[in-house]
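Only one structure is covered here, and it is reproduced in the block below.
The values are calculated or read from the model by the stated rules, or taken from the named source; none is laboratory data. Everything quoted here is computed from the prediction, not taken from an experiment. Positions of Cβ are backbone-derived with ideal geometry, glycine not excepted, and every protein chain shown enters the neighbour counts. Side chains included, ligands, DNA and RNA excluded: accessible areas come from the protein's heavy atoms. Shrake-Rupley method; radii C 1.70, N 1.55, O 1.52, S 1.80 Å.
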Amino acid sequence: LVGREAVGRLSLAGALPNRWQERDLDLARIICRQLGAAAERIRVFEDSQLNNRLMAKLIIHSERLNRNYNLSDLVKAIGKAAQELTGVQQAAMFLLEQSNQYTCAWHTGISAQTVATITAHLHGSQNKDILSLNSPLLLDDLSNPAESPPWIYWNDELQDLSAAGVLPLIFEQRVSAVILVFYRQPAQWKRIELEVFQAFTRQAAIALENS
């Protein structure tokens with residue numbers, strides 16, 4: 001237990017029949033509280049380490065985004081920064097044109113055919129969904145077709161994905177670009193990661209607008 005919240009369970013088994021006395025239950029409660037406190041300290045330490053690593057990367061990439069790039073080099077810098085922050089090998093960045101049509105400006109780890117498939121579907125029903133996002137979104141269960149974008153299932157290269165992240169670049173409440181990142185292993189974003197990703201996308205959107 002951490003406070004009144006259960007963070008896990010401890011199971012005990014014996015080879016011989018045994019009837020627990022109240023003192024046994026009291027001892028078990030003490031042990032569980034101690035284990036819960038230890039687990040919480042480990043979680044806080046790991047979150048602190050993760051926060052330090054991500055913030056260090058964010059500072060480095062923020063400085064890079066402030067350099068005097070042309071649009072092509074800036075897009076590459078944004079894409080590579082998103083790839084490093086999220087830790088993925090496959091990603092793509094799409095710019096939103098004035099006609100509300102997406103153009104892939106950068107991609108890595110995926111084929112041109114896959115990029116074309118994704119782009120075609122971004123022009124369809126997913127367009128409105130992405131345009132309405134106001135923060136990064138993790139699609140953490142791509143095993144369920146009903147809850148996943150159709151381009152996951154209409155392309156052989158993406159069918160074994162475990163999760164996908166959508167990072168919208170928003171400037172003055174308008175999506176100017178979107179970065180898609182693809183996870184081959186199960187992924188869960190912690191609150192710290194989401195905050196860093198959101199800070200990065202805000203900075204990237206400003207840099208993109210200034211270019």
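Worth a mention:
- Cβ-Cβ FRET estimate between His123 and Arg202, R0 fixed at 35 Å, reported to 0.05: 0.85
- Furthest towards positive pole of dipole, Ser99, Ser48, Thr117, structure part the range 15-140, Cβ charges: Ser48
- Since only Thr201, Ala6, Leu74 are under comparison, the one whose Cα sits farthest along the positive direction of the charge dipole of the chain, derived from C-beta charges on Lys, Arg, Asp and Glu, is Ala6.
- Estimated FRET transfer efficiency when R0 is 25 angstrom, pair Leu133-Gln101 (beta carbons, to 0.05): 0.90
- Only Cα pairs under 8 Å and 6+ residues apart enter the sum, and on that basis the relative contact order of the chain stands at 20 percent.
- Helix 191-210 and the longest principal axis of the Cα set of the chain meet at an angle near 10°.
- Near Ile170, once Lys and Arg are set to +1 and Asp and Glu to -1 for all other residues with Cβ below 12 Å from its Cβ, the sum equals 0.
- Computed from label points 7 Å out along Cα-Cβ, the spacing between Ser211 and Gln89 is 2.6 nm.
- For the chain, the longest principal axis of the alpha carbon atoms and the long axis of helix 71-86 meet at an angle near 10°.
- Cβ-derived FRET efficiency at R0 45 Å, Ser111 paired with Gln173, nearest 0.05: 0.85
- Top of Leu169, Leu35, Leu50 by mean-square fluctuation, Gaussian network on the chain, Cα under 10 Å: Leu35
- For the chain, a simple Cβ point-charge model (Lys and Arg +1, Asp and Glu -1, everything else neutral) yields a dipole of about 600 debye relative to the Cα centre.
- Value of [θ]222 nm, deg cm²/dmol, for the chain, DSSP H segments ≥ 4, -39500 (n - 2.57) each, nearest 500: -16000 deg cm²/dmol
- Each of Leu194 and Arg43 was given a label point 7 Å from its Cα along the Cα-to-Cβ line. The distance between the two points is 1.5 nm.
- Remark: spin-label model distance Ala56-Ile30 equals 4.1 nm, labels positioned 7 Å along the Cα→Cβ axis.
- Accessible surface of the chain [probe 1.4 Å, protein heavy atoms]: carbon and sulfur percent: 51
- Net length available on complete extension from Asp156 to Asn66 is 28.6 nm, with 0.36 nm assigned per residue and the Cα-Cα distance removed.
- Of (i) 73, 38, 28; (ii) 115, 50, 30; (iii) 51, 48, 38, the label for Cα extents along the principal axes in Å derived from the coordinates: (i)
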